[in-house]
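For reference, the structure is listed below as structure tokens.
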Amino acid sequence: MSRRYLPFRFSPAGLRGLEPSATLVINERVNEMWREGKWVYHLGFGESRFPVHPKIAEALRKNAYQHQYLPSLGARELREKIASFYEERFNIPAMPDHIIVGPGSKALIYALLLALDGELMLPTPSWVSYQPQAHLVGKRVNWIPASAEDGWELKLSAIMEAVDEAREAWGNPGLVLLNSPNNPTGRMFSMGFLEEFAQYAREQGLAVLSDEIYGLVEHGRVKHRSIARYYPEGSVVLGGLSKHLSLGGWRLGVAIFPPNRAGAEVLRAVRTIASETWSATTAPVQYAALIAYGMDEDVWEYIQLCTYLHALRTQYLWRALTAMGIRVPQPDGAFYLFPDFQRWREPLARQGIHTDTQLAMYLLDEFKLATLPGSVFGAPPEALTLRLSSSYLDMETAKQSRTIVAAAQEVDGETLMSEFHPHMNAAIEQFQRFVDSLERDKAPQPQAVYA
Ligand SMILES: Cc1ncc(COP(=O)(O)O)c(C=O)c1O
């Protein structure tokens, strides 16, 4: 053992092979470049950046004096509000006693993975943190394959095959993670898929962790439906305030457990972990969340406005990339795009680019485009995928975000995109320059003639 760090010794079990989350690392790198005065178009970080709604900000201010530890499950009044909110907006059974409030849904997913037995079935691609979290708790991950040709659609047949394969290898695939709207693809499940999947999960006795943090950020193409409508007895639904209300830094997430005895038992396990780790979610934030989960008309309208803007900006970027001939599945929700560049495999190889990480570095260095390689989401590196987030461009500062929200109420979508999105349009031009350079390089190269 290396003596370099003694007297500290690291635990190899969970940490080996892990690095800080790729999304946070790219964000820090871009911020560092900005500080050094280097310009970068930030498509690397999925942070919803609209201003805090004034009523919610006011509630936080008024509750600053709330300094007591609240129950590990969360304040009772808040859980009542959350239950009504989910019953009304998501159409799922939700009981206040079967809900826990935590410091972000990320911590709740971690607690669930720690509490529940069984290997984790993860769709390809999946949000960056599920796999490392499983690794940290010593849980095996089985990837469910999908492909760029099918727009990375999760198919029931692929889930069935991956579960069978895991069992044939003496595994114990007990948990399936679903995420819709999806990070990184923006895709959402159809009702048909959910119905069929529910039947299969019930037959096979599979538990489902359903990450629905983007559930209210739907673009209007597909209606968000929770798996808990079709498989209430086996699904734990995760959500929070980070996305539709841009409150990621406030750290408030929720988990809704099945309305039965099993649900109560799983909640008891997660509550135990909560009580032994973070104790309870920050009290003033919970009181402010009473407004966020209340049925306040203004807050609801604001959620609708932010969703409209996410959809407008993301679909705009999707249309522009598609027009350049880049293959990218059309998103149904959230604020992400997941293009692949396999079409230009040869010209890229001539530049020494064989993997998505090399591609992301090249775009950052040569075209000032900060993106994330798809492999951190579990896509094969040679599939040459990138995850782009539309949420940051032209909202780099609080002032710009306020300008966009104000303008959205005055001008139409087209004007908003052409006149209030200089960085988005410039980033699109950079992609065009990149594609043009690949197209030029695709043409047969003139042979050098030596006398
Ligand atoms: C798919 C997905 N799940 C969960 C989270 C974590 O959200 P929270 O802020 O509630 O921890 C994120 C945040 O990026 C996400 O993209």
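The values are calculated or read from the model by the stated rules, or taken from the named source; none is laboratory data. Bear in mind that the values here come from a model prediction, so they are computed numbers and not experimental data. So basically every Cβ, Gly included, is an ideal-geometry build from the backbone, and we count neighbours across all protein chains shown.
Here are some notes:
- Of the criteria (1) at pLDDT below 95; (2) touching a Ser or Thr at 6+ places or on another chain (Cβ under 9 Å); (3) surrounded by fewer than 18 Cβ atoms within 10 Å (Cβ to Cβ), which one G151 fails: (1)
- Here region 191-212 is the region considered, the condition is being in contact (Cβ under 8 Å) with a residue 60 or more places away in the chain and of a type in the set (D, E, K, R), and the residue that is farthest from the ligand (Cβ to nearest atom) is E212.
- Condition check for G138 on (1) crowded, with 17+ Cβ neighbours inside 10 Å; (2) more than 13 Å from the ligand (Cβ to nearest atom); (3) over 23 Å from K223 (Cβ atoms); (4) not aromatic (F, W, Y): one failure, at (1).
- Total residues in region 319-332, condition touching a residue at least 60 places away in the same chain (Cβ under 8 Å) and in a helix (DSSP H, G or I): 2
- Selection status of L363, in a helix (DSSP H, G or I) and of a type in the set (A, V, I, L, M): yes
- When V128 is tested against (1) modelled with pLDDT of 95 or more; (2) within 15 Å of the ligand (Cβ to nearest atom); (3) not charged (D, E, K, R), only condition (1) is not met.
- Which listed residue is under 24 Å from the mean Cα position of the chain (by Cα), over 27 Å from R16 (Cβ atoms), touching a residue at least 60 places away in the same chain (Cβ under 8 Å) and away from the ligand (no atom under 16 Å from the Cβ), from A148, A115: A148
- Any hit, region 435-450, residues being within 16 Å of H42 (Cα to Cα) and either within 22 Å of the chain's Cα centre (by Cα) or in contact (Cβ under 8 Å) with a residue 40 or more places away in the chain (or both): no
- Residue check for A83: touching a Leu at 6+ places or on another chain (Cβ under 8 Å) and in a helix (DSSP H, G or I): no
- Only one entry in R251, R271 is within 13 Å of the ligand (Cβ to nearest atom) and either modelled with pLDDT of 95 or more or assigned by TED's automatic domain parsing to the domain that holds L116 (or both), namely R251.
- Only residues that are away from the ligand (no atom under 14 Å from the Cβ), crowded, with 24+ Cβ neighbours inside 10 Å and free of Cβ contacts under 8 Å to residues at least 60 places away in the same chain were counted across region 213-246, and they come to 2.
- Taken together, A75, A57 contain a single residue that is of a type in the set (G, A, S) and under 17 Å from A280 (Cβ atoms), which is A75.
- Residue match in region 168-190 (condition: modelled with pLDDT of 95 or more, of a type in the set (D, E, K, R), part of a loop (DSSP other than H, G, I, E, B) and within 16 Å of the ligand (Cβ to nearest atom)): yes
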